[in-house]
Amino acid sequence: MERTQVWASGGGVQSAAIAALIVQGKLRPDLCVIVDTEREQSTTWEYMDAVISPALASVGVKMHRVRKSEFEHRDLYGGKDSDTLLVPAFTTQSGGVGKLSNFCSSYWKREVVKRWVNSQGVKAVDLWLGISVDEMERVQAERSAKWANRYPLIEARKNRGDCISLVKSMGWPEPPRSSCYHCPNHTQHEWREIRLRPADWKAAVQLDRELRAKDPHVFLHSDCVPLEQADLDDANGVLFGHGCSSGHCFT
Ligand code: SF4
């Protein structure tokens, strides 16, 4: 059975490298898609609209931007009673600091990509994900016969530094790191970058407050204080590491 080659862009550095390989003629997907979680940092779309989409269009490749709400009704909460927070926030519920599970990258990204791809009438899919060789722990085998994951940057043996060099060799500016503006997995540096952009920062602070209106133990920053009061200095280490294992965030 013929397999449709689908690139699921994450909108970040590794995805820009895949775009560069497409523009160079080294890769050719049948479909390209990026999910708009409707909470993405503004810089992702600025870069996509100014650099990636026009470059792809120059070689006849269209990037489809799919709104999450078109294919998924769950937003911040899910579960049987719709009271399970889907983002990996920090919680003081048990006395110490814990971290909630990361359901959002699956509900908001992976499943939305699959539903959109299914809506295109494909039979079997090789789903390209922009994971580089320095992120091998994020590689996941897809179990169904219809869906197989492919990792073009690993096949090309490129690490994150190679990706940045490749993007620069195209004359493109270095891509911003893509993620939701409120993501609890942000590093201190990323939070500081977001603080420099008033609209994204205001939205993150507002969401942080709204989460505690429902559960007073939940916070976006590991300091477990309101986001605007968190110490964003590098010396204040973030707990529980960084990043998502799904392959659909931070790519
Ligand atoms: S970037 Fe963070 S908040 Fe957004 S979907 Fe991924 S894990 Fe969830």
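The values are calculated or read from the model by the stated rules, or taken from the named source; none is laboratory data. Every value quoted in this text rests on a predicted model; they were computed, and no experiment measured them. All Cβ positions, even for glycine, are placed from backbone atoms using ideal geometry, and neighbour counts span all protein chains on display. SASA here: full protein model, heavy atoms, side chains in, ligands and nucleic acids out. Shrake-Rupley method; radii C 1.70, N 1.55, O 1.52, S 1.80 Å.
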Practice task
Looking only at the stretch 26-39, decide whether some residue is among the aliphatic types (A, V, I, L, M) and in contact with a Gly (Cβ under 7 Å, 6 or more places away or on another chain).
Solution key: yes
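Step by step: first the residues of the stretch 20-43, then only those that are of a type in the set (Val, Ile, Thr) and more than 16 Å from the ligand (Cβ to nearest atom), then the one that is farthest from residue 104 (Cα to Cα). Which residue is that? Before you say what the answer is, go through the steps one by one.
Within the stretch 20-43, the first condition is being of a type in the set (Val, Ile, Thr), and the residues that meet it are 22-23, 33-35, 37, 43.
So of that shortlist, the ones also more than 16 Å from the ligand (Cβ to nearest atom) come out as 22-23.
Details: 22: 29, 23: 31 Å.
Filtering first and then ranking leaves 23.
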Completion exercise
Subset of the stretch 11-28, residues open to solvent by 10 Å² or more (accessible area, probe 1.4 Å) and part of a loop (DSSP other than H, G, I, E, B), comes to 24, 25, 26, 27, 28
Fill in the blank from the handout: Counting only residues that are part of a loop (DSSP other than H, G, I, E, B) and away from the ligand (no atom under 13 Å from the Cβ), the stretch 177-199 contains a total of 2
Exercise for the section: Go through the residues of the stretch 73-86 one by one and say whether even a single one is at pLDDT 95 or above, farther than 22 Å from residue 183 by Cβ, assigned to a strand (DSSP E or B) and of a type outside the set (A, V, I, L, M). Expected result: no
Problem - Tally, over the stretch 158-176, of residues that are open to solvent by 50 Å² or more (accessible area, probe 1.4 Å), without any contact (Cβ under 8 Å) to a residue 40 or more places away in the chain and assigned to a helix (DSSP H, G or I) - result: 2
Fill in the blank from the handout: Just one listed residue, out of 122, 117, is surrounded by 13 or more Cβ atoms within 10 Å (Cβ to Cβ), in a loop (DSSP other than H, G, I, E, B) and in contact with a Ser or Thr (Cβ under 9 Å, 6 or more places away or on another chain), and it is 122
Fill in the blank from the handout: When restricted to 67, 143, the only residue under 14 Å from the mean Cα position of the chain (by Cα) and open to solvent by 20 Å² or more (accessible area, probe 1.4 Å) is 67
Fill in the blank from the handout: Scanning the stretch 86-100 residue by residue, the ones that are under 16 Å from the mean Cα position of the chain (by Cα) and more than 17 Å from residue 187 (Cα to Cα) total 1
